[in-house]
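Q: Got a structure here, written out as structure tokens. Questions coming.
The values are calculated or read from the model by the stated rules, or taken from the named source; none is laboratory data. Computed from a predicted model, the values in this text were never measured in an experiment. Backbone-built Cβ (ideal geometry, glycine too); neighbour counts: all protein chains shown. Quick note on the areas: whole protein, heavy atoms, side chains included, nothing else; ligands and nucleic acids left out. Shrake-Rupley method; radii C 1.70, N 1.55, O 1.52, S 1.80 Å.
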Amino acid sequence: GSSSGLAAVAALIMLSERCGAARLTSTEAVRRWSFADVAEWLTTEGLGHLASCFEENSVDGDVLLDLQPEDLIDMGITCTDEQQRLQQALAALGMQARMPAHARPRLEVAVLGASPLVQVGGSSGTSSASSRPVPITPIDLQMEHDLLCEVVSGATSQGTMALEAGTLEALSRVLQLGTAVLVLTAHVSSEGRLLLERPAGEVAELDPTRALQEMLGQPSSQYSTAAPACVVLSLSGGEGRGLASAAQAFLRYGVGHVVAIARAAEAPCDLAARAFSAALLRDLLGGSSVSTAFDSGVAAADSYCHSKAKFVLLPEGTHGQHEAVLFPAKLRVVPAGSKCRSGGDSRERHGPVKDLTAQCNLDNLGSVTGRQLDSWHVILALTKSRCVIVCGLGGSGKASLCQCVAARLAYRRWQHCKNGIKSINIRTVCTVQEAEVRISKALKEVPAAAAESSEDSTEVDASQMGERLLLLFGVEELLQADPVGFAETVDKHLRAAPGLRVLMTSRRAIPSDAWPARSQQLPFHIYLRQLEPSVSQRVLRELVPTLTTEQATCLASMCGHLPQALRVLAQHMAGSKSPLEEVCQIVTSSERRTSFLFSDCVAPQIWQGLDKDRRSALLGLSLFRSAFELPAAAAVLKVDVEQAAVWLREFQDMCLVERVTESLFCMPLPAQLLIQQQLGPSDSGEAETDQAASAICERLALHFAGVLQELA
């Protein structure tokens, strides 16, 4: 019924414009149809072979809406199936002809995609006793949407396409505007709930069974909006049951055609689903029937996936229903230069879908995988604070994380960066004055007339800036050389521009006493740790598919589970003629590991700034394999508790030590590996190093012996 209604609306609009009857009501427009117009309408319903019968019986638009079942028999249409399809099409045409203007679809295609970062508090179908956020496997929406946008934009009229992030608000807006085809990419629960997005990246669950009625109204109500004629559900997860349940919900509401795509559950990039959707839309917009477009999509996806069960056209077993043409080529206004033409084989009309393998950048996906919680924390911090600094060891992926967060916010038109995002790499900047010049130049984008009319360029910048996000990469050297001066520079720009937000990356934290006391914008620190072992192993196998699970686990551990170390390792293996031999050499040679892993990942300048006592202190602390308390650290370092607290605070600022709780500290695994390899061999030889390590172990044993004696 919905496909018939859509075809009727398309015919109504186009035929009214052709007849110069733009002011006529829809019913009046139908009654002005000629025999040729009726034939076109029959073709859109898959009944074009009856056009000559209608013309022989003088059925034009004036007669069409008044046809009764017995009239069809008198016209010689005796096939029961054809009678039923004609009656359904006529009923839908009459309903759409009487439909008020606000209920007619204003969009031809709407593409929505949801890739939330975390699920907070569990799903509504599970116990919510634990509020710990659960990361959600990312979906590479941007690449997928770019391809669909390329397909759709050349075949739709201006203003009839919507491409948005899959939020509750966006879905509601699209459905209320009305759309012919809705493409929705998202995760789904086993109960059929769609996992859409909230602005900060949390899951927003939607039960389509109830939500469709709330968003569109009762189907029979005069205030309802027409349901989409075709819905493409490209859903991940749900164990198959969720996709089927969501598809049935759309069918029950009156959607005529539902295309269900079972995306790979743990794969951010599903090339088969991407190729299928592009080919499907290309054929639909080119005037093909739904069934023909579906077959074209399956053929396009066959290069990446040979499982035809991955794609299903619903409802099944309905003879002729999917022969409907949603965008009849003769009734469409096709923009100049479009490749959509009627007639001929669909692959000849539109050309093959281009190879997508090169577009799936696993290196970028590796920057997101395992960092969903961290990305969410950064977005939340930017919502509450105007100055956020992401700290961590070199190689932990700070810059990649912030770039991914910025791309996500820009793609979703985040309110706090609607006037743009600027990024500056100041890792090589030596002075605060030079950093000030670069920041001012990046932010100074005002009209020339405004700049000339004001003597104070800072005031002009602030008045013109609006909501903007500034990314500063690699500020650790400035924080080491002049922390107070750099903090004052950042604070000055924040005070001058109320709409500015600053996101920084650093291997050092900003000392609390360096930030201006008068400032109302205190920096918010986020400490980035290494990846979880299971995640780093999965990322390495995505980057180097030839690795076995055991090899990936071993290499990921030797990389300290650092994202940059994993990527460096993958690049070396990709450029090697014998990757397996490369693996063996890396495993057996500590020099190889140190040379191309840690030298590129952990900041050399941090070690250069450490004196002999602090290097020895780090070597001692690296003996702890789990959390340790301040007294234990003091015993290992052979200093009093106050001095140990000072050193631990310094090491925290360098991201070499983390504070787990108020009384517990720990050293990240990458720092332990680096310290043991870089600082283990001393200038005086291995004998002195062994002697120092023995002394440290003796002090540690005596400390815990004293603790046990106190407990006894």
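Q: Using mean Cβ contacts within 10 Å as the protection proxy, how do 305-314, 109-118, 526-535 order, highest first?
A: Packing order, densest peptide first, comes out as 109-118, 526-535, 305-314.
Q: How many nm separate the modelled label positions at L177 and R252, each set 7 Å beyond the Cα in the direction of the Cβ?
A: Calculated label separation equals 2.8 nm.
Q: For the range 28-69, what ratio Rg/Rh do Cα atoms give with a Kirkwood hydrodynamic radius?
A: My calculation puts Rg/Rh at 0.93.
Q: Quick one: how many Å² of K444 are accessible to a 1.4 Å probe, rounded to 10?
A: About 100 Å², ignoring ligands and nucleic acids.
Q: Got a sec? Which residues in the range 466-495 would a label at Q142 touch, if it sits 7 Å along Cα→Cβ and we count backbone N under 19 Å?
A: Those under the cut-off are 468-474.
Q: Of the cross-linked pairs K384/K441; K398/K441; K398/K444; K422/K492, which ones have a Cα-Cα span greater than 20 Å in the structure shown?
A: Working: K384/K441 26 Å; K398/K441 24 Å; K398/K444 26 Å; K422/K492 17 Å.
The answer is K384/K441; K398/K441; K398/K444.
Q: I would also like to ask the following. How much length is gained if the chain between K577 and H49 is pulled fully straight, taking 0.36 nm per residue apart and subtracting their Cα-Cα distance, in nm to one decimal?
A: Taking K577 through H49 to full extension adds about 183.8 nm, to one decimal.
Q: Then there's this: If the chain between Q87 and R615 were fully stretched, how many nm would it gain, using 0.36 nm times the residue separation less the Cα-Cα distance?
A: Stretched out fully, the Q87 to R615 stretch lengthens by 181.5 nm.
Q: Moving on. HN-Hα J couplings of the range 35-52 from phi, Karplus 6.51/-1.76/1.60, θ = phi - 60°, integer Hz, Gly and Pro as x?
A: Rounded to whole hertz, the list is 4, 5, 5, 5, 4, 5, 5, 4, 5, 5, 8, x, 10, x, 5, 9, 4, 5.
Q: Based only on the alpha carbon positions, what is the Kirkwood hydrodynamic radius of the range 382-429, in angstrom?
A: 12.2
Q: While we're looking at this one, here's another question. When only alpha-carbon atoms count, how far does the range 48-90 stretch along each of its three principal axes, as whole angstroms with the largest first?
A: Principal extents (largest minus smallest coordinate, Cα): 24, 18, 18 Å.
Q: Just to verify a number: FRET efficiency for K418 and E488, C-beta to C-beta distance, R0 = 25 Å, to 0.05?
A: After rounding to 0.05, the efficiency reads 0.35.
Q: Report the dimensions of the range 482-529 along its three principal axes from the alpha-carbon atoms, largest first, rounded to Å.
A: 33, 22, 16
Q: Taking a cut-off of 19 Å, what percent of all Cα-Cα pairs in the range 495-557 are separated by more than that? Spell out each step's value before the answer.
A: Details: 1107 of 1953 pairs.
Of all Cα-Cα pairs in the range 495-557, 57 percent lie more than 19 Å apart.
Q: How far apart, in nm, are the 7 Å Cα→Cβ label points at T383 and T80?
A: In this crude spin-label approximation the distance works out to 5.8 nm.
Q: To the nearest 10 square angstrom, what accessible area does T369 show with a 1.4 Å probe?
A: Ignoring ligands and nucleic acids, T369 comes out at about 10 Å².
Q: For R518 and Q433, FRET efficiency with R0 = 22 Å and r from the beta-carbon atoms, rounded to 0.05?
A: 0.55
Q: Between V134 and K638, how many nm apart are label points set 7 Å from Cα along the C-beta direction?
A: 5.2
Q: While we're here: Could you report the accessible area of M573 in Å², rounded to 10, computed with a 1.4 Å probe on the protein chains as they sit in the structure?
A: 10
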